[in-house]
Amino acid sequence: MKGSLERMVPEEIVQAIRERSNIVLFTHTHPDGDALGSLLALASILESIGKTVFCYLEEPVSHLYDFLPETERAQTRLEKYRTFRQSAAGDILAIALDCGDCDRLGENKGEFLKETSFLVIDHHQSHEDFGTARWVDATRSSTGEMVYELALALGAAVDKNCAFNLYVAICTDTGSFRYECTSARTMHIVGELLKAGVRPDTVAGYLYDNYSRERLKLLEMALGSVELSHDGQIAFMHVSQKMLDDSGASIEDLEGFINFPRSLKVVKVAALIKESGSGHVAVSLRAKGQCNVSEVAKKFKGGGHRNAAGFRCSGKNVGQVIEELRTVLARALENDDHDQAGHC
């Protein structure tokens, strides 16, 4: 008997998968642990029920996640996707995982969205609809959690490798189960993944004991840039292209850095501003519940969750972005303080 905590997967999602023999999986650009773990796990789940699966990534798997089982499934050559699509002869379904909007599919989104059957599975609060059918649930801890539910709905087995990938997906998007998105259902699913053979200590070693000298040097530089504002409630950290060059680290090495300024006791919201060589500035926002950073990110045409969001912009330098963000975040915190006072 299935657990009482299980929540239903929309029937149209299950039916669409059952009706197609060939399935192509996408996720967002610069994929994180949830995106990659969900992609690889769903590929395994679908193959276990007899589907032919193609996984597409815009860029190779980051060295931070090359420990994930079966990363060889992920293909980055567009020609291979086109060949797969042609061989399917119309019997094909596309599924986008962990994409809050279609732009996150990358530079080839226009070609991907031509698929006549296109499912979207996502948990972002700021999700903007695309595709032909959607399962969007902002109450979920992660897309990995949703993929597990889908496996149950399909009657598919979750083997050890699949369980490992799902655990990484859930663990990374919950901040190792520290964020408020972690629910009783989340922990129930994690328990089932442990029963399948996942060892938390092994995963933790891969995720958190993985610094190179270059990454540690970059962290030293980034910590030196931390600036507090608004009576210490807002923390800014920035990383320039020069810092990346001088440290020898890559942009992928920044993952998790934002948790350092966020960990300061007085800080309510932290921002990591990253300069890329392509002239873009990317911003990651993290809060502790006192500020809805998803709404803040929307003002800059970004999005995400209440406590974790981000956006990208061009034509501005790091200093300009920080000053604009300082004003918006201060106003958001003031509004939140006012709202809380009104409920006392």
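Look through segment 131-140, keep the residues that are of a type outside the set (Ser, Thr, Tyr) and in contact with a Phe, Trp or Tyr (Cβ under 8 Å, 6 or more places away or on another chain), and return whichever of them is most open to solvent (accessible area, probe 1.4 Å). For segment 131-140, the residue satisfying everything is GLY131. For segment 141-178, the tally of residues that are in contact with a strand residue (DSSP E or B) (Cβ under 9 Å, 6 or more places away or on another chain) and under 20 Å from SER294 (Cα atoms) stands at 3. Scanning segment 179-187 turns up one or more residues that are among the charged types (D, E, K, R) and touching a Leu at 6+ places or on another chain (Cβ under 7 Å). The residues on offer are ALA169, ALA235, and the sole one that is over 30 Å from GLU334 (Cα atoms) and among the hydrophobic types (A, V, I, L, M, F, W, C) is ALA169.
Name the one entry in LEU78, LEU64 that is touching a residue at least 40 places away in the same chain (Cβ under 8 Å) and either out of contact with any Gly (no Cβ under 7 Å at 6 or more places or on another chain) or open to solvent by 20 Å² or more (accessible area, probe 1.4 Å) (or both).
Exactly one of LEU78, LEU64 is touching a residue at least 40 places away in the same chain (Cβ under 8 Å) and either out of contact with any Gly (no Cβ under 7 Å at 6 or more places or on another chain) or open to solvent by 20 Å² or more (accessible area, probe 1.4 Å) (or both), namely LEU64.
Restricting the first member to segment 186-197 and to residues that are within 19 Å of THR143 (Cβ to Cβ), and the second to residues that are open to solvent by less than 30 Å² (accessible area, probe 1.4 Å) and aromatic (Phe, Trp, Tyr), the beta-carbon pairs closer than 7 Å and six or more apart or on different chains are ILE189/TYR148; VAL190/TYR167; LEU193/TYR167. Here segment 214-230 is the region considered, the condition is being modelled with pLDDT of 95 or more and in a loop (DSSP other than H, G, I, E, B), and the residue that is nearest to PHE260 (Cα to Cα) is VAL226. Within segment 7-41, if we keep just the residues that are among the charged types (D, E, K, R) and in a loop (DSSP other than H, G, I, E, B), the residue that is surrounded by the fewest Cβ atoms within 10 Å (Cβ to Cβ) turns out to be ARG7. What pairs come out if I take residues in segment 103-128 that are over 18 Å from SER38 (Cα atoms) and at pLDDT 95 or above and pair them with residues that are part of a loop (DSSP other than H, G, I, E, B) and basic (Lys, Arg) whose C-beta lies under 9 Å away, six or more apart or interchain? If the second residue must be part of a loop (DSSP other than H, G, I, E, B) and basic (Lys, Arg), the pairs left are SER117/ARG20. Could you check, for segment 209-219, whether at least one of its residues is in contact with a Phe, Trp or Tyr (Cβ under 7 Å, 6 or more places away or on another chain), closer than 26 Å to ARG312 by Cβ and open to solvent by 50 Å² or more (accessible area, probe 1.4 Å)? No, that holds for no residue.
In the set VAL61, VAL53, which member is part of a loop (DSSP other than H, G, I, E, B) and touching a strand residue (DSSP E or B) at 6+ places or on another chain (Cβ under 9 Å)? Result of the check over VAL61, VAL53: VAL61.
Against the test of being open to solvent by 10 Å² or more (accessible area, probe 1.4 Å) and either touching a residue at least 60 places away in the same chain (Cβ under 8 Å) or more than 16 Å from CYS162 (Cβ to Cβ) (or both), the options GLU58, GLU72, GLU47 yield a single qualifying residue, GLU58. Restricting attention to segment 142-179, the residues being touching a residue at least 12 places away in the same chain (Cβ under 8 Å), open to solvent by 10 Å² or more (accessible area, probe 1.4 Å) and not in a helix (DSSP H, G or I) number 8.
The values are calculated or read from the model by the stated rules, or taken from the named source; none is laboratory data. Only a predicted model underlies this, so the values are computations on that prediction, with no experimental measurement involved. Using ideal geometry, Cβ is built from the backbone for each residue, glycine included, and neighbour counts are taken over all protein chains shown. Accessible surface is based on the protein model in full, side chains and every heavy atom, while ligands, DNA and RNA are left aside. Shrake-Rupley method; radii C 1.70, N 1.55, O 1.52, S 1.80 Å.
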